[in-house]
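Take a look at the structure set out below.
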Amino acid sequence: MADQPKPISPLKNLLASSFGGMCLLFMGHPLDTVKVRLQTQPPNLPRQPPMYSETLDCLPKTLRRGITGLYQGMAAPIIGVTPMFAVCFFGKKLQQKHSEDVLSYPQLFAAGVLSGTFTTGIVTPGAPIECWLQFQASSGETKYIGTLDCAKKLYQEFGIRGIYKRTCALNPGGWGHCTEGIFNWAVAIPQDVLKSHFQTAPPGKYPNGFGDVLRELIWDEGITSLSKGSDAVMTRAFPANVACFLGLEVATPNL
């Protein structure tokens with residue numbers, strides 16, 4: 001008699017999903033830092049080269065400050081990894097009675113909508129903290145001495161509503177299988193550029209939100225400014241998403 005498939009354990013799924021998320025973060029955060037620095041560098045001066053021309057230029061310049069320079073702002077997202085990836089994969093597991101069950105395309109679509117909707121609330125508070133810490137490392141300004149200090153000052157400056165408002169065009173994440181992560185970012189990179197600029201702008205610079213950011217970028221730097229950091233994103237997507245699912249697959253049978 002064939003063995004009956006085992007039911008899915010919510011706790012096991014939570015722990016395995018969290019481990020997969022941490023693998024993605026450790027693998028992908030260095031290039032995420034490079035992406036933010038490419039997106040938020042100041043406009044080129046006439047007859048002057050840009051601060052960073054591309055990923056392969058930004059990466060070694062960042063490494064001059066030590067390997068820790070690539071992991072600036074990592075504490076904020078790693079705190080949110082456990083609930084975020086638990087919710088990400090929960091939408092799929094919710095529709096499966098057993099791990100071997102294959103979902104239909106409408107069920108997979110519903111799982112994606114569920115995970116995207118609920119993870120936004122989890123990711124939003126940490127996103128500007130991560131972005132500011134990555135930005136200040138490249139600008140040379142030391143306004144925040146760590147994650148908690150940054151969180152406190154952002155709350156004092158913008159309030160909780162301000163933090164959520166400044167992150168409405170969220171980083172869409174890249175938790176698809178391998179090339180899925182690449183195609184995901186190919187669509188999302190323009191809004192990510194707007195998000196990075198909006199989150200690191202001083203209060204009041206963009207009173208009308210992302211429309212102001214878009215107009216300024218296109219006026220000052222042209223339409224190509226909306227693709228800044230795309231090479232870092234494409235380079236990051238494959239190994240980071242592989243690490244996520246590898247971590248998930250390794251953790252699941254061993255829990």
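The values are calculated or read from the model by the stated rules, or taken from the named source; none is laboratory data. Since this is a predicted model, take the numbers as computed values, not measurements. As a convention, Cβ positions derive from the backbone with ideal geometry for all residues, glycine included, and neighbour counts pool all protein chains shown.
Worth pointing out:
Conditions (1) crowded, with 21+ Cβ neighbours inside 10 Å; (2) modelled with pLDDT of 85 or more; (3) under 13 Å from the mean Cα position of the chain (by Cα), marked per residue:
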{"residue": "Arg166", "(1), (2), (3)": "yes, no, no"}
{"residue": "His177", "(1), (2), (3)": "no, no, no"}
{"residue": "Gly181", "(1), (2), (3)": "yes, no, yes"}
{"residue": "Ala201", "(1), (2), (3)": "no, no, no"}
{"residue": "Gly247", "(1), (2), (3)": "yes, yes, no"}
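- The criterion of at least 3 residues that are modelled with pLDDT under 80 and under 15 Å from the mean Cα position of the chain (by Cα) is met, among helices (runs of 4 or more DSSP H) falling completely within segment 1-99, by 75-93.
- Criterion applied to Ala251, Ala232 was being farther than 24 Å from Leu59 by Cα, buried (at least 17 other Cβ atoms within 10 Å of the Cβ) and not hydroxyl-bearing (Ser, Thr, Tyr), and the one residue passing it is Ala251.
- Gly146 vs. criteria at pLDDT below 80, surrounded by fewer than 15 Cβ atoms within 10 Å (Cβ to Cβ) and under 16 Å from Thr40 (Cβ atoms): no
- Filtering segment 236-243 for residues that are without any contact (Cβ under 8 Å) to a residue 60 or more places away in the chain and either over 22 Å from Thr33 (Cβ atoms) or assigned to a helix (DSSP H, G or I) (or both) leaves an empty set.
- Taken over segment 214-229, the residue count meeting the criterion of being surrounded by 15 or more Cβ atoms within 10 Å (Cβ to Cβ) and either in contact with a Cys (Cβ under 8 Å, 6 or more places away or on another chain) or farther than 29 Å from Pro60 by Cβ (or both) is 2.
- Residues that are surrounded by 15 or more Cβ atoms within 10 Å (Cβ to Cβ) and more than 19 Å from Leu217 (Cβ to Cβ) within segment 43-56 comprise just one, Thr55.
- In the condition set (1) modelled with pLDDT of 85 or more; (2) surrounded by 13 or more Cβ atoms within 10 Å (Cβ to Cβ), Phe238 is compliant with all but (1).
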